[in-house]
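A quick write-up on the structure given underneath.
The values are calculated or read from the model by the stated rules, or taken from the named source; none is laboratory data. Every value quoted in this text rests on a predicted model; they were computed, and no experiment measured them. Using ideal geometry, Cβ is built from the backbone for each residue, glycine included, and neighbour counts are taken over all protein chains shown. Surface areas here come from the heavy atoms of the whole protein model, side chains and all, with no ligands, DNA or RNA. Shrake-Rupley method; radii C 1.70, N 1.55, O 1.52, S 1.80 Å.
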Amino acid sequence: MTGLVLKDIRKSYGHVKVLHGIDLEIKEGEFIVFVGPSGCGKSTLLRMIAGLEDITSGEMYIDGQLVNDVPPSKRGIAMVFQSYALYPHMTVYDNMAFGMRIAGESKDEIDRRVRSAANILQLGPYLDRLPKALSGGQRQRVAIGRAICRDPKVFLFDEPLSNLDAALRVATRIEIAKLNEQMADTTMIYVTHDQVEAMTLADRIVVLSAGKIEQVGPPLELYERPANLFVAGFIGSPAMNIMPSTIIETGAVTRIKLKDGSEVAVDIETAATEKGKTASFGVRPEDLSVATGDQFLFEGTVSIVEALGEVTLLYVMGPVEEEPIVVKLPGIVDVKKGQTVRFSADKTKLHLFDAAGQTYRH
Ligand SMILES: Nc1ncnc2c1ncn2[C@@H]1O[C@H](COP(=O)(O)OP(=O)(O)OP(=O)(O)O)[C@@H](O)[C@H]1O
Ligand SMILES: [Mg+2]
């Protein structure tokens, strides 16, 4: 049975349209991540799934049942927010037990579920503590534990780790990945701004922009084959370099001309009718390398060197005069500011987008 089906879901606040027709099918047990710029409607969509916001139009099904008018408590959904909102006067145990007590569960069942959740999240030693005696990461785990205790069919997370520092984020992200394995039948929908969380946790990522879905797919598919310029620029960090160009030769291999007059062959087939059209040429920072032979993609002057140890980022003034091209090289690199360097890239790693921003397929 399908976990969740959204059909032409729309949302307006008064005259302001926030979601413009979302169609999405989520399979039972799937881990779905919503990403997109601030204000694009991720939280609104999540809250509509939870039943915390009305659906302006469209249909939403959970387990085959139309839930548009089903109240939150009857949807079998648990939600974890950015701010964990624990009851400050209750112990960790009582925070997790509270919902089940209200629901009239037996003492034994409550105890079993609290201990099982505490076990999954390694909260055993803290059950008698008050939230104020916990770290941010531990508090967020209690909030997740509280949600697990409800034994939800669908688990919703709205940026649950964004209040945590970098190290805790990593540790808690790994807890969530484990949780997903242990709750294999539970559908999870997770909103994040963090590329690593999206890439590592998701079975499929949903990229949203201005209330619309731009693309849905497994993380590496979005990375390797973005459907359009928006997804190309959004997935991957630092973002893909995009340069204006003109198509000068079509066929099995397409030749383009960059603004500075240099020509590039890309392994993308275009029709004869595309000749003369403007196109955006894209190459990821990590797909560029220092050219060794005579063949190179572009030449430029290094304006900034950022040595991070693990990688070195170069900002190179090249074929696009106003904007640097970002190059990401592995490890520590002996390149100095002001140096002129030639870069190359594998032909198959180059991207091309038409004037409307749609990808020309390889
Ligand atoms: N109650 C409301 N009344 C009017 N407009 C709202 C309301 N709630 C949200 N919006 C608007 O809806 C749009 C989507 O908001 P939403 O919170 O879903 O964005 P988001 O993608 O979660 O952003 P962020 O990444 O910043 O959390 C925004 O433009 C926001 O201003
Ligand atoms: Mg939000």
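Could you look through the range 82-103, keep only residues that are open to solvent by 60 Å² or more (accessible area, probe 1.4 Å) and of a type outside the set (S, T, N, Q), and pick out the one that is nearest to the chain's Cα centre (by Cα)?
Here the answer is Ala85.
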Could you count how many residues in the range 202-245 are assigned to a helix (DSSP H, G or I) and open to solvent by 10 Å² or more (accessible area, probe 1.4 Å)? 9
Being at pLDDT below 95, farther than 30 Å from Pro37 by Cα and under 26 Å from the mean Cα position of the chain (by Cα) narrows it down to one of Ile120, Ile148, so name that one. Ile120
Before we move on, is Lys277 open to solvent by 60 Å² or more (accessible area, probe 1.4 Å), in contact with an Asp or Glu (Cβ under 8 Å, 6 or more places away or on another chain) and modelled with pLDDT under 95? no
Residue among Asp108, Asp185 that is loosely packed, with under 13 Cβ neighbours inside 10 Å and assigned to a loop (DSSP other than H, G, I, E, B): Asp185
Among the residues in the range 168-189, are any within 16 Å of ligand 2 (Cβ to nearest atom) and at pLDDT 95 or above? yes
Ser116 is checked against (1) surrounded by fewer than 19 Cβ atoms within 10 Å (Cβ to Cβ); (2) over 29 Å from Gly64 (Cβ atoms) and fails just one. What number does that condition carry? (2)
Spans of strands (runs of 3 or more DSSP E) in the range 299-352 with at least 1 residues free of Cβ contacts under 8 Å to residues at least 60 places away in the same chain and within 21 Å of Lys257 (Cβ to Cβ): 311-317, 340-345
When residues of the range 158-176 are filtered for being in contact with a strand residue (DSSP E or B) (Cβ under 9 Å, 6 or more places away or on another chain) and either among the hydrophobic types (A, V, I, L, M, F, W, C) or assigned to a loop (DSSP other than H, G, I, E, B) (or both), how many remain? 3
Can you work out which of the residues in the range 155-182 that are within 16 Å of ligand 1 (Cβ to nearest atom), touching a residue at least 40 places away in the same chain (Cβ under 8 Å) and open to solvent by less than 10 Å² (accessible area, probe 1.4 Å) is nearest to Arg141 (Cα to Cα)? Pro160
Residue under question is Glu25, and the condition is that it be modelled with pLDDT of 95 or more, in the same structural domain as His193 (by TED's automatic domain parsing) and open to solvent by 50 Å² or more (accessible area, probe 1.4 Å); does it hold? yes
Can you run down the residue pairs with Cβ atoms below 6 Å, 6 or more apart or on separate chains, where the first is in the range 8-21 and within 16 Å of ligand 2 (Cβ to nearest atom) and the partner is modelled with pLDDT of 95 or more and open to solvent by 40 Å² or more (accessible area, probe 1.4 Å)? Lys11/Thr56; Leu19/Arg10
For the range 29-81, which residues satisfy the criterion of being open to solvent by 40 Å² or more (accessible area, probe 1.4 Å), within 16 Å of ligand 2 (Cβ to nearest atom) and part of a strand (DSSP E or B)? none
Working only within the range 249-260, note down all residues that are part of a strand (DSSP E or B) and surrounded by 14 or more Cβ atoms within 10 Å (Cβ to Cβ). Glu249, Thr254, Arg255, Ile256, Lys257, Leu258
I'm trying to understand the selection: among the residues of the range 3-19, which are within 16 Å of ligand 1 (Cβ to nearest atom) and under 20 Å from the mean Cα position of the chain (by Cα)? Leu6, Val18, Leu19
